[in-house]
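Enquirer: Following this message is one structure expressed as structure tokens.
Any read-out appearing in this document is the output of simple, stated calculations on the displayed coordinates, not a laboratory observation. It should be emphasised that the depicted structure is a prediction, and the values quoted were computed from it without experimental measurement. Reconstructed Cβ throughout: ideal geometry from the backbone, glycine too, with neighbour counts over all protein chains shown.
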Amino acid sequence: MAVSRTRDRLAAMRGLLKRFTTPLLPDDYSAVLNPLWSTRELRGRIEEVRRHGDVVLLDITPGWGVPTDFQPGQYIGIGVEIAGRYIWRSYSLTNAPNSNQGRFSIAVKAVEKGKLSNHLIGSASPGTAIRIAAPAGDFYLPHPVPEKIAFITAGTGITPVISMLRGMQERKEFASSDVVLHHSVRSRDDHVFGEVLEQFAQDIRIIIRETSTEGRAKAEDLEQLVPDLRQREIFACGPAEMLDHWHQWAGEDVALHSERFSLQRTSDAEGGRIEFSNGSQHTAASGTTILEAGEAAGVPMPFGCRMGICHTCVRQLEEGEVIDLVSGETHESGERVRTCVSVPKGDIRIQA
Ligand code: FES
């Protein structure tokens, strides 16, 4: 409710600005006054940059209209202009909601062929203007917190958990929960948040596994160390294989929450023939997104993040039904859909 009231207020202010600034758009004026003000998109500015090996830690000041409320564990999307085009990715927030002077903190790790991550690691500097997609995500700590928690993380999968721990500290919740953190790193030198975790050593049990010498953690290893593991509410974040392993172990009996950033392509949608409003057609197999089908058919469709964050790719569904693979919702004719994460459920027609 609070979010929708905020949106209504912002829409009203945008409308007012538009009435007084037409024929030029409000952005034509606001950008002159402050590059963080925009009525068209959410903006931010990189404020602080700290590098740690192949990870860069960024503090970002959100601009006008960016919702700053979030739950510890959620992520934001950021869009950075590279060679004339905005590249979008999502990153978990690492700060607690009321800390860090209203800034967002994120950690970006270099990934192979990662255009944005490599750009940020090489060139991010204070003062850089970026675009922002509001905090979102279902991977966050419930409130009040569960009585027994196990965090299972690997590599930069620890980032949302850092926010959760900071959030628990902020809300003074360590007294009401028994917390174990099992974190896998290649070696202790790679452990970006080692010093941060030391601050929680009095409040939680921390187990660090160095995979270069001990190998990857298996469920049975952890069950030996934490015999009541199955009775704990588990929050896991890390590479896809790790999450697959833990989901298989958990089955139906264990409360396991996990965060994946790659698109899960399985759904009830069987694919179908896609007709674009410019007359092009393509038959999409199950799991093929509308955006991918458009590209295969040579339709110049807009896109940004390709992950359902930035909404650059939104198009009107003119006929048929699609499934949004991120939300799981089915959308019908007349609705606007995110083409980068939506797949056809039978034959459809869509705005090109
Ligand atoms: S390209 Fe960003 S939401 Fe689809």
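Enquirer: Given labels modelled 7 Å from the Cα in the Cβ direction, how far is it in nm from residue 333 to residue 230?
Expert: In this crude spin-label approximation the distance works out to 5.1 nm.
Enquirer: Test of understanding: what is the full-extension gain from residue 111 to residue 273, defined as 0.36 nm times their sequence separation minus their Cα-Cα distance?
Expert: Contour length minus the Cα-Cα distance gives 54.8 nm.
Enquirer: So for the chain: antiparallel DSSP bridges make up what percent, rounded to the nearest 5?
Expert: Values: 45 of 71 bridges.
In the chain, DSSP labels about 65 percent of beta bridges as antiparallel.
Enquirer: If you fit an axis through the alpha-carbon atoms of helix 159-170 and take the longest principal axis of the Cα set of the chain, what angle between them do you get, 0 to 90°, nearest 10?
Expert: Once rounded, the angle reads 70 degrees.
Enquirer: When a/c is below 1.5 the answer is rounded, else prolate if a/b is larger than b/c, else oblate, so apply that to the stretch 148-258 with a ≥ b ≥ c taken from the square roots of the Cα gyration tensor eigenvalues.
Expert: Values: a/c = 1.63, a/b = 1.09, b/c = 1.49.
Verdict is oblate for the stretch 148-258.
Enquirer: Continuing with the same structure: Label the stretch 41-136 by shape, choosing from rounded, prolate and oblate, from the square roots a ≥ b ≥ c of the eigenvalues of the Cα gyration tensor; if a/c is under 1.5 it is rounded, and otherwise prolate applies when a/b is larger than b/c, oblate when it is not. All intermediate terms of the calculation are to be shown ahead of the outcome.
Expert: Details: a/c = 1.61, a/b = 1.31, b/c = 1.23.
Verdict is prolate for the stretch 41-136.
Enquirer: I've got another one for you. Under a crude label model (7 Å from the Cα following the beta-carbon direction), how far is residue 178 from residue 247 in nanometres?
Expert: 2.9 nm
Enquirer: Let me have the 222 nm mean residue ellipticity of the chain computed from DSSP H runs of 4+ only, each contributing -39500 (n - 2.57), with the sum over all residues rounded to the nearest 500. Could the numbers behind the result be given before it?
Expert: Details: 9 runs with 83 residues, N = 352.
So the helix-based figure for the chain works out to -6500 deg cm²/dmol.
Enquirer: Here is a follow-up. Count the net charge of all other residues whose Cβ sits under 15 Å from the Cβ of residue 124, scoring Lys and Arg as +1 and Asp and Glu as -1.
Expert: Working: positive: 45, 50, 51, 89, 103, 109, 115, 131; negative: 47, 48, 54, 59, 81.
For residues surrounding residue 124, the net value is +3.
Enquirer: Okay, next question. Just to be sure I understand: of the beta bridges DSSP finds with both ends in the stretch 272-350, what percent are antiparallel, rounded to 5?
Expert: Numbers: 15 of 18 bridges.
DSSP beta bridges in the stretch 272-350 are roughly 85 percent antiparallel.
Enquirer: If you restrict to DSSP beta bridges whose two residues both lie in the stretch 148-258, what percentage is antiparallel, to the nearest 5? All intermediate terms of the calculation are to be shown ahead of the outcome.
Expert: Numbers: 0 of 21 bridges.
Counting only bridges with both partners in the stretch 148-258, antiparallel ones make up about 0 percent.
Enquirer: Report the extension gain between residue 283 and residue 255 in nm, rounded to one decimal, defined as 0.36 nm multiplied by the number of residues separating them, less their alpha carbon distance. Numbers along the way, then the final one.
Expert: Values: separation 28, 0.36 × 28 = 10.08 nm, distance 3.92 nm.
My answer for the length gained is 6.2 nm.
Enquirer: Moving to a separate point now. Using 0.36 nm times the number of residues separating residue 82 and residue 125, minus their current alpha carbon distance, what extension gain do you get? Can you show the working numbers first?
Expert: Working: separation 43, 0.36 × 43 = 15.48 nm, distance 1.40 nm.
That pair, residue 82 and residue 125, stretches by 14.1 nm at full extension.
Enquirer: Where a Cα-Cα gap under 17 Å defines reach, which lysines qualify for residue 172, not counting those fewer than 8 residues away within the same chain?
Expert: In chain and number order, the partners are 148.
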